[in-house]
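A.B. asks: The structure's right below; bear with me while I get my questions together.
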Amino acid sequence: MKNLKYILILLIAATFSGCSVYNFTGTGPIDAKTFQVNFFQNNADLIEPGIDRQFTLALQDLIQNQTNLNLVSNSGDLVYEGEIVDYRTTPMTATAVTPTGDVGAAQNRLTIRVKVNFTNKKKETDDFEKTFEFYYDYPGGTLPTGSLLNTAIQTIFERITQDIFNESLAKW
């Protein structure tokens, strides 16, 4: 009975010590305690008002939700900064020529590209400058406005922010 008690204590201790090496978000041990996300200015040729703020908040929220790091406005151990460098809509597939001679797009693609400078003040080998991009396809007969635009931007930002997180913290 006494040996069973020691074995149980040993198993519990081994279980808790394993949690520091891996967690559910896939990040390894993070040396940092704080992070800062500077405002991502929209410097794309085509400007969609408000997406710079939306992106900055989306990146802050993702890091807060997937780590135990504290968000600070300056002097963060981890610093994310950059700019939105491209926002464009391109036709993906053409429709047949109509009797009036018009050719249209059956499907369009909204693409957003974000340039990110990541600085890890605790481990400079993790620093990078990289561009992340994703897209959203929508029917050619519609314009990217209202709820369609909101869905497109949310989908694109979810993917880009997760890619940034993976590159900077998860190392995937």
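A.B. asks: Given the protein chains as shown and a 1.4 Å probe, how many square angstrom of residue 130 are accessible, to the nearest 10?
C.D. replies: Here the residue's solvent-accessible area equals roughly 80 Å².
A.B. asks: Another question, then. What ranking of 129, 83 comes out by heavy-atom accessible area, probe 1.4 Å, highest first? Write down the numbers at each step before the final one.
C.D. replies: Working: 129 125, 83 50 Å².
If we order 129, 83 from most to least accessible, we get 129, 83.
A.B. asks: Less than 11 Å Cβ to Cβ from residue 111, Lys/Arg counted +1 and Asp/Glu -1: what total charge do the surrounding residues give? Intermediate results must be reported in sequence, preceding the final value.
C.D. replies: On the way: positive: 88, 109, 113; negative: 86, 133, 137.
Charge balance near residue 111 sits at 0.
A.B. asks: Mind listing the long-range amide H neighbours of residue 48? Cut-off is under 5 Å, sequence gap 5 or more, other chains count too, H placed in the peptide plane at 1.01 Å from N.
C.D. replies: For residue 48, no residues qualify.
A.B. asks: Taking all protein chains together and a probe of 1.4 Å, list 168, 75 from the most accessible to the least accessible.
C.D. replies: Values: 168 0, 75 90 Å².
The ranking, largest first, comes out as 75, 168.
A.B. asks: Right, here's the next one. For residue 72 paired with residue 107, estimate the spin-label separation in nm (one decimal), with each label point 7 Å from Cα along the Cα-to-Cβ line.
C.D. replies: Going from the residue 72 label point to the residue 107 one covers 4.7 nm.
A.B. asks: Next question, about the same structure. Can you give the local net charge around residue 136? Use residues other than it whose beta-carbon is closer than 10 angstrom to its beta-carbon, Lys and Arg +1, Asp and Glu -1.
C.D. replies: Summing Lys and Arg as +1 and Asp and Glu as -1 gives +1.
A.B. asks: Let me ask something else. Please compute the length gained on full extension between residue 171 and residue 145, using 0.36 nm multiplied by the number of residues separating them and subtracting their Cα-Cα distance.
C.D. replies: Working: separation 26, 0.36 × 26 = 9.36 nm, distance 3.55 nm.
5.8 nm is the gain from fully extending residue 171 to residue 145.
A.B. asks: While we're on this one: Amide H to amide H under 5 Å from residue 86: which residues, 5+ apart in sequence or cross-chain, H placed 1.01 Å off N in plane?
C.D. replies: 113
The values are calculated or read from the model by the stated rules, or taken from the named source; none is laboratory data. Note that the structure is predicted; figures quoted are calculated from it, not measured. Here the Cβ is made from the backbone with ideal geometry for all residues, glycine too, and neighbour counts use every protein chain on show. Just the protein is used for accessible areas: all its heavy atoms, side chains included, with ligands, DNA and RNA removed. Shrake-Rupley method; radii C 1.70, N 1.55, O 1.52, S 1.80 Å.
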